[in-house]
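Engineer: I am attaching a structure below and will ask some questions about it afterwards.
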Amino acid sequence: MGTALIYDEEMTRYKLLWVDPACKIEVPERLVVSYGALVENGLADRCVSIPVREATDADILLVHSEEYLEAVKKTPYMTLEELKEFTLQYGDVYFHPNIYHCAKLALGATLQLVDNVMTGKVRNGLALVRPPGHHSMRSAASGFCIFNNVAIAAQYVKQKYGVKRVLIVDWDIHHGQGVQYSFEDDPSVLYFSWHRYEHQKFWPNLRESDFDVVGKEKGAGSTINVPWNKVKMQNSDYLSIFFHVLLPVAYEFSPDLVLVCAGFDSAIGDPEGEMCATPDIFAHLTHLLMNLAGGKLCAVLEGGYNLKSLAQSVCQTVHSLLGDPAPRPANLEGPCNSALESLQCVRSAHRKYWSCLKHAADLPTSDISTKRIKLAEDEEEEKLDEVEKEKLIAAMVWPQPVKRVTPPTRTAVVLPDGVACPDRCKHFSLSEDPDPLVVQKLRENFIKDADDKDAVTLSSLIALVDKMEKNEICSGLALVRDVSMAMRCVAQHATTALSNRVLVVCVGDGIVPHRGTDDGKTLVVHFSSKESEEQECKYLIPVCLKKGCSDASGFIQAVLGLLLPLGYEYDPSLVLLVQTPGSGICDSVWQQLTGLLQGLAQGHILVLMQEDERTCIDPTCSSLLGDAAPSLGQLHAAPPEDVEAVENLRQRLKADWKLLQTTE
Ligand SMILES: CC(O)(O)CCCCCNCCCN
Ligand SMILES: [Zn+2]
């Protein structure tokens, strides 16, 4: 299934008609450069183009009041003076004779997107719209927003499709208070937002944007606010929040649909956000959400005011929606102290609502709520000259995102004779006889007692890894007689011949390679149900889960809160995913794991399985080909000893692996 792109240039036909410093950044060029970049990069053509429609009154009244709608309906006939007058009653927003029309198109575009995703015409998509929506409230426009596109879309799918649970991820740098107000007592809509806050000093300066506002009555726990109390947040800060707050809760919540308030003012260079996360981070944020809800993800443009980082971030998002491998998450360090403080506060505030956070630490000693009051007092803090600051931010530079080309072959498979090659995959076997030298070396190192068949298989694997290195093949699956031997051989080849870093993920109680773990060339993470005799060290991490990998909840929480942070910080060039017999892992969990790991190593993942594991071939290939993994359904609480085991591991390893930190 494809990716929808919904855009109409009519939405560029309104703009600010008078002087207002607060609104001057919201310009038509935002859409022009975004759509232009998609066309220029050949991305628009790869999407399914869906036409916009005008939202109806009924659509708008799903969230907004009649009196508000009636008032907005009058604006097309107002004079300039009347528009200015009308605008004064709201904050940081402007009206224009054509903005009501455009607001109906923005909402209509959003609803077209959710209709096409919900009816299975497409898997996911992006609605490139303005005016944005997440600040507008039942009876008020706010923050450039007229109608609350995403909040209405959530009500719309609940009403029209009987959707039980909707996750809204708001990665715009402003708090979408309009969305929060719409669902604060509604447990069926989980609203997650991070936002520049600076202890309530940043717009919209609301007390209810802080981490301790979690929703009301039945909705308690279904509002997650992550305040950024400092600027210059980086990729590591954003990923830490995904790994240790959003993803664990999202998997426990198990939404039927994911809506994204896709604001890109959280990217570097933006005058509003003043953050330092690079556009390619949106490749990962998108990818990490794409295995939820069976892949049903609707991204709707909110903010983004640096025309260069906006266009790049939009392209990164669409690349990922199309299933293109993400660029490697280069040189991540740990979250900064301020981000850690927010992370700990949010996890602590939600401890009692989400079993995945049950073991979260208490509020940090330096309780940041007191800072809120103190800082609010000394308002006259020196304000950097606005113009100077804007010049500095506009002068920010960052590396051009790497080109994301999908290799000619997406997935190659090495199978025993007589096993059919799954469709869409390419059967891989050695074109010519194995190089005698290579075989000789293999014999010496790995296959003393094995027969010639092994030699051919191992030579095929080496050839396959070489083609992945050259980006001729993206990913691979091999069914082999002896997974441990194959694992050691591939790891050895990849680290020596190709001088790469290899992340080896072992699932099941097989044997793990000890080689390479001391010099950091290999990082081995081994999930099993048995206490390991292996000596834990920085690069050899045994994860012992009571029920092994058979308990979906315990396992997926270990993947999200432990394996992904390790993998992203390690940043391998190849991922080796090995399933040893008796792992007990079920297909859908295995597919989630395979899907999530493809965010690493530019998607270069080689899966090794025992040759008699025939049933796993199709689900594994489906995931390697970029199909979304099936939803795991609502997860019950993980076995307490597993949550504890992962928590203890994190505490022990966080000195070496900064992305594992969850407390100051
Ligand atoms: C969609 C959105 O969240 O990006 C809208 C942001 C509105 C910002 C209002 N204040 C602007 C102050 C200018 N320095
Ligand atoms: Zn914003």
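Engineer: Rank Val72, Gln89, Ala44 by how far each Cα sits towards the positive end of the charge dipole of region 30-102 (+1 on Lys, Arg Cβ; -1 on Asp, Glu Cβ) and give me just the farthest.
Structural biologist: Towards the positive end, the residue furthest out is Ala44.
Engineer: To the nearest Å, what is the center-to-center distance of region 264-303 and region 521-544, using C-alpha atoms only?
Structural biologist: Each part reduced to its Cα centre gives a spacing of 33 Å.
Engineer: What 222 nm value per residue comes from the helices of the chain, counting each DSSP H run with n ≥ 4 as -39,500 (n - 2.57) and dividing by all residues, nearest 500 deg cm²/dmol?
Structural biologist: On the way: 22 runs with 232 residues, N = 664.
Dividing the helical sum by the residues of the chain leaves -10500 deg cm²/dmol.
Engineer: For the chain, what proportion of DSSP beta bridges, expressed in % and rounded to the nearest 5, is antiparallel?
Structural biologist: On the way: 3 of 70 bridges.
Just about 5 percent of them are antiparallel.
Engineer: Further, regarding this structure: With a Förster radius of 51 Å, plug the Cβ-Cβ distance of Lys232 and Lys530 into 1/(1 + (r/R0)^6) and report the FRET value to the nearest 0.05.
Structural biologist: 0.70
Engineer: Which percent of Cα-Cα pairs in region 409-660 sits in each 5 Å bin, short to long?
Structural biologist: Over region 409-660, the share of Cα pairs per 5 Å bin runs 1, 6, 14, 19, 21, 17, 11, 6, 3, 1, 0 percent.
Engineer: Right, here's the next one. Between Ala655 and Gln634, how many nm apart are label points set 7 Å from Cα along the C-beta direction?
Structural biologist: Spacing of the two 7 Å Cα→Cβ label points: 4.2 nm.
Engineer: Report, in whole Å, the centroid distance computed from the Cα atoms of region 22-62 and region 571-619.
Structural biologist: Comparing the Cα centres of region 22-62 and region 571-619, I get a distance of 37 Å.
Engineer: How much accessible surface does Asp519 have with a 1.4 Å probe, in Å² rounded to 10?
Structural biologist: Number for this one is 90 Å².
Engineer: While we're looking at this one, here's another question. What is the angle, in °, between the Cα long axis of helix 99-118 and the longest principal axis of the Cα atoms in the chain? Nearest 10 is fine, range 0 to 90.
Structural biologist: 30
Engineer: Another one. Excluding ligands and nucleic acids, what accessible area in Å² is computed for Val456 using a 1.4 Å probe, to the nearest 10?
Structural biologist: The value for Val456 is about 70 Å².
Engineer: Then there's this: Please list, ordered by chain and number, the residues whose modelled amide H lies under 5 Å from the amide H of Val543; skip anything fewer than 5 residues away on the same chain.
Structural biologist: Residues meeting the amide H criterion: His526, Phe527, Ser528.
Engineer: Here is a follow-up. Could you list, bin by bin from short to long, the percent of Cα-Cα pairs of the chain in 10 Å steps?
Structural biologist: Using 10 Å bins, I get a P(r) of 3, 16, 26, 25, 17, 8, 4, 1, 0 for the chain.
Engineer: Projecting each Cα onto the charge dipole of the chain (Lys/Arg +1, Asp/Glu -1 at the beta carbon, about the Cα centre), which of Leu442, Ile511, Ile168 comes out farthest on the positive side?
Structural biologist: Comparing the listed Cα positions along the dipole, Leu442 ranks first.
Engineer: Sticking with this structure for a sec: Name the residue farthest towards the positive end of the dipole of region 529-664 from the options Gly584, Val607, Phe555, assuming +1 on Cβ of Lys and Arg, -1 on Cβ of Asp and Glu, about the Cα centre.
Structural biologist: Working it through, the farthest residue towards the positive pole turns out to be Phe555.
Engineer: Show me, for region 517-530, the HN-Hα J-couplings you get by feeding each phi into the Karplus relation (A = 6.51, B = -1.76, C = 1.60, θ = phi - 60°), rounded to Hz, glycine and proline as x.
Structural biologist: These are the phi-based 3J(HN,Hα) values: 7, 8, 8, x, 6, 10, 10, 10, 10, 10, 8, 8, 9, 9 Hz.
Engineer: Between Thr79 and Ala395, with labels modelled 7 Å along Cα→Cβ, what's the label distance in nm to one decimal, could you check?
Structural biologist: Using points 7 Å along Cα→Cβ, the separation is 4.6 nm.
Engineer: Please work out how much accessible surface Phe242 shows to a 1.4 Å probe, ignoring ligands, DNA and RNA, in Å² rounded to 10.
Structural biologist: Result for Phe242: roughly 0 Å² accessible.
Engineer: Scan around Gly303 for amide H atoms under 5 Å from its own, H built in the peptide plane at 1.01 Å from N, and keep only partners 5 or more places away or cross-chain.
Structural biologist: Those qualifying (amide H under 5 Å, at least 5 residues apart or on another chain) are Gly263, Phe264, Asp265.
Engineer: What number, in percent, do you get for the relative contact order of region 409-660 if the mean sequence gap of Cα pairs under 8 Å and at least 6 apart is divided by its residue count? Walk me through the numbers on the way to the answer.
Structural biologist: Working: 467 pairs, mean separation 52.9, N = 252.
Taking the mean separation of contacting Cα pairs over the length of region 409-660, I get 21 percent.
Engineer: Within region 163-220, report the trypsin sites (Lys or Arg not before Pro) that DSSP leaves as loop and that have at most 13 other Cβ atoms within 10 Å.
Structural biologist: Listed in order of number, the matching sites are Lys164, Lys216.
Engineer: To continue, here is another question. Just to be sure I understand the model, the point goes 7 Å from the Cα along the line to the Cβ. What's the resulting His427 to Val456 distance in nm?
Structural biologist: If labels sit at His427 and Val456, their model points lie 1.2 nm apart.
Engineer: For region 409-660, how many pairs of lysine residues have a Cα-Cα distance under 17 Å, where the two are 8 or more positions apart or belong to different chains?
Structural biologist: 8
Engineer: Something else about it: Could you tell me the distance between the Cα centroids of region 133-164 and region 243-262, to the nearest Å?
Structural biologist: 18
Engineer: Rank Ile585, Ile511 by accessible area, highest first, at a 1.4 Å probe radius?
Structural biologist: Ile511, Ile585
Engineer: Which FRET efficiency value, to the nearest 0.05, do you get for Ser366 and Ser65 by plugging their Cβ-Cβ distance into 1/(1 + (r/R0)^6) with R0 = 45 Å? Before the final figure, lay out the partial values.
Structural biologist: Values: r = 42 Å, r/R0 = 0.93.
Efficiency for this residue pair is about 0.60.
The values are calculated or read from the model by the stated rules, or taken from the named source; none is laboratory data. As the structure is a prediction and not an experimental result, all values here were calculated from the model. Cβ sites come from the backbone with ideal geometry, for glycine too, and all protein chains shown count toward neighbours. These accessible areas exclude ligands, DNA and RNA; they are computed on the full protein's heavy atoms, side chains included. Shrake-Rupley method; radii C 1.70, N 1.55, O 1.52, S 1.80 Å.
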